[in-house]
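A short write-up of the structure that comes next.
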Amino acid sequence: MKIIIVGCGKVGYTLVEQLGSEDHDIVVIDEKPEKVSTITNNLDAMGIVGNGINHQTLIDAGITTADLLIAVTGDDEKNLLCCVIARKTGHCQTIARVRNPIYNKEIEFLKKEFGLAMIINPELAAANEIARIFQFPSAIRVDTFAKGHVELLHFKVTKGSPLIALKLFNLHQTLHSNVLVRGDKVIIPNGDFEFQENDVVAIASERRNAIDFFRKIGIVKNRVGNAILAGGGKVSYYLAKSLLASGIRVTIIEVDRERCDILSELLPHATVICGDATDQNLLLQEGLEHAQGFAALTGLDEENILLSLYANDISNAKTVTKINRINFHSVINELNLGSIIYPRIITSDYILKYARSTYNSKDSNVETLYKLANGKAEALEFIIKADSAVAGIPLADLHFRKNTLICCIYRNGKVIIPSGQDIMMAGDSVLVVLSGYRISDI
């Protein structure tokens, strides 16, 4: 596809990085020459210095023949206007990043009236992911499929775990779970695979079965009853709103007085503390030692890392760390930071799913897409169509590519962990995990 990306900030850079690896023809637009040159010098993309809402700039970028325009500048209104002009000038699909909470209840109206294919809110998406983790703190990451009926729950094999040296075949016999394992590399394991300390494991399951699984392996953590959020930005606002609606007590620590006043007005049931979240005495005073959940959500990665390390040192809280930069991914993953959230990667996953499902084939139907293991693997959800070539054939008789796993089939309200004799039927929601290649259709 020919794709135009307006805005060359962190999200724009990540999008070019991800979409460029899928052989799309990409043009970027930004008013700052240094941002454009950073992308064009490092990644496979053409660049134009200019304003994305300028008609001639869009013409120069090739809007009349573009398939998709993605507006991810720092200005919501500019992103929306850019999409409107693009729709009027060409015939492309449009995606806008809209972050301001005042638009949150009007998303469907904006999509319909402006003809948008998608509106993405990175902060809201990140908050939703953190909320899922606080709801199921036994996991370090929770990915949802089949409209929330199926979850891919990630956890770490820690020292002393009963899984260590256990073969996957025996795990099936005793725990009846399907498992994907990744350490430094992605492994789609066979029955002889043995677990090792520090492996990160993902299981596809219904929530109630997952609770039973974690209980059997000795990882039992109930939903958090209270949480401290360090930083009062948009992610904290969306997260606090979600947690409060679930009956979880929330304390927000924010250094800016004006922002505290706004949060107090928007979230009357939250406790808002005006102070420096890096002040250890303040954290102790607000009960960090006894907190069940802690999220480091300030605007500085370094602060968030130190805060989570400190929280893990003095408490048993489930910790979540927001990281904006991904340059030191491997180093960060070695630290004891609990769950790590990258808002711009979450954003790129949403957009990548859309691009993948519309690329080259009207029959492509990627419902959900998550990047796993730093992009080394993918988990995708497909809806099986009536004329699908894979429908009605036992899995044992299908020819699977290497490093491919059918994790589960969701059919009529029932989750099926498939064996070789199971079949995929029209209407099924199917979760596939794969490594080493990409697909846009099952």
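Which residue, of Ala131, Ala126, is assigned to a helix (DSSP H, G or I) and in contact with a Pro (Cβ under 6 Å, 6 or more places away or on another chain)? Let's see the steps before the verdict.
Values: Ala131 fails: in contact with a Pro (Cβ under 6 Å, 6 or more places away or on another chain).
Of Ala131, Ala126, the one residue that is assigned to a helix (DSSP H, G or I) and in contact with a Pro (Cβ under 6 Å, 6 or more places away or on another chain) is Ala126.
Just give me the residues in region 110-145 being among the small types (Gly, Ala, Ser) and buried (at least 17 other Cβ atoms within 10 Å of the Cβ), in sequence order.
Ala117, Ala125, Ala126, Ala127, Ala131, Ser138, Ala139 - these are the residues of region 110-145 that are among the small types (Gly, Ala, Ser) and buried (at least 17 other Cβ atoms within 10 Å of the Cβ).
Would region 59-67 turn up any residue that is under 28 Å from the mean Cα position of the chain (by Cα) and at negative phi?
Within region 59-67, the subset under 28 Å from the mean Cα position of the chain (by Cα) is 66-67.
With at negative phi added as a condition, the list becomes 66-67.
Looking through region 59-67, at least one residue is under 28 Å from the mean Cα position of the chain (by Cα) and at negative phi.
Go over the candidates Leu244, Leu239, Leu266, Leu283 one by one and state the one that is farther than 18 Å from Glu123 by Cα and in contact (Cβ under 8 Å) with a residue 24 or more places away in the chain. Even if it seems obvious, please write down each step before you answer.
Working: Leu244 fails: farther than 18 Å from Glu123 by Cα; Leu239 fails: farther than 18 Å from Glu123 by Cα; Leu266 fails: farther than 18 Å from Glu123 by Cα.
The unique qualifying residue is Leu283.
In region 9-16, is there at least one residue being buried (at least 24 other Cβ atoms within 10 Å of the Cβ), over 25 Å from Tyr437 (Cα atoms) and modelled with pLDDT under 95?
No.
Is it true that some residue in region 115-126 is free of Cβ contacts under 8 Å to residues at least 40 places away in the same chain and under 19 Å from Ile203 (Cα atoms)?
No, the conditions are met nowhere in region 115-126.
Counting just the residues of region 390-427 that are over 20 Å from Leu152 (Cβ atoms) and small (Gly, Ala, Ser), which one comes out surrounded by the most Cβ atoms within 10 Å (Cβ to Cβ)?
Top of the filtered list is Ala391.
Collect the residues in region 413-442 that are in contact (Cβ under 8 Å) with a residue 60 or more places away in the chain and over 18 Å from Arg401 (Cα atoms), keeping them in residue-number order.
Of everything in region 413-442, those that are in contact (Cβ under 8 Å) with a residue 60 or more places away in the chain and over 18 Å from Arg401 (Cα atoms) turn out to be Gly413, Val415, Ile417, Ser429.
Being out of contact with any Lys or Arg (no Cβ under 8 Å at 6 or more places or on another chain), among the aliphatic types (A, V, I, L, M) and closer than 25 Å to Ile219 by Cβ narrows it down to one residue among Ile323, Ile273, Ile262; which is it? If you could, list the steps in order and put the result at the bottom.
Details: Ile273 fails: closer than 25 Å to Ile219 by Cβ; Ile262 fails: closer than 25 Å to Ile219 by Cβ.
On inspection, the qualifying residue turns out to be Ile323.
How about region 194-311: which strands (runs of 3 or more DSSP E) wholly inside it have at least 3 residues that are over 30 Å from Ala377 (Cβ atoms) and open to solvent by 10 Å² or more (accessible area, probe 1.4 Å)? I'd like the intermediate steps shown before the answer.
On the way: elements: 200-205, 226-230, 249-254, 271-274, 293-296.
It comes to 249-254, 271-274.
Restricted to region 373-389, and to residues that are surrounded by 19 or more Cβ atoms within 10 Å (Cβ to Cβ) and more than 15 Å from the chain's Cα centre (by Cα), which residue is farthest from Ile341 (Cα to Cα)? First the steps, then the outcome.
Of all residues in region 373-389, those surrounded by 19 or more Cβ atoms within 10 Å (Cβ to Cβ) come to 373, 377-382, 384, 388.
Filter again for more than 15 Å from the chain's Cα centre (by Cα), leaving 382, 384, 388.
On the way: Phe382: 25, Ile384: 31, Ser388: 36 Å.
That would be Ser388.
Looking only at strands (runs of 3 or more DSSP E) that fall completely inside region 335-442, which ones have 1 or more residues that are out of contact with any strand residue (DSSP E or B) (no Cβ under 9 Å at 6 or more places or on another chain)? Reasoning before the result, please.
Numbers: elements: 339-341, 366-372, 377-383, 404-411, 414-416, 429-435.
Fully inside region 335-442 and qualifying: 414-416.
The values are calculated or read from the model by the stated rules, or taken from the named source; none is laboratory data. If you're wondering where the values come from, they're calculated on a predicted model, not measured in any experiment. Methodologically, a virtual Cβ is constructed for each residue, glycine included, from the backbone with ideal geometry; neighbour enumeration extends over all protein chains shown. Surface areas here come from the heavy atoms of the whole protein model, side chains and all, with no ligands, DNA or RNA. Shrake-Rupley method; radii C 1.70, N 1.55, O 1.52, S 1.80 Å.
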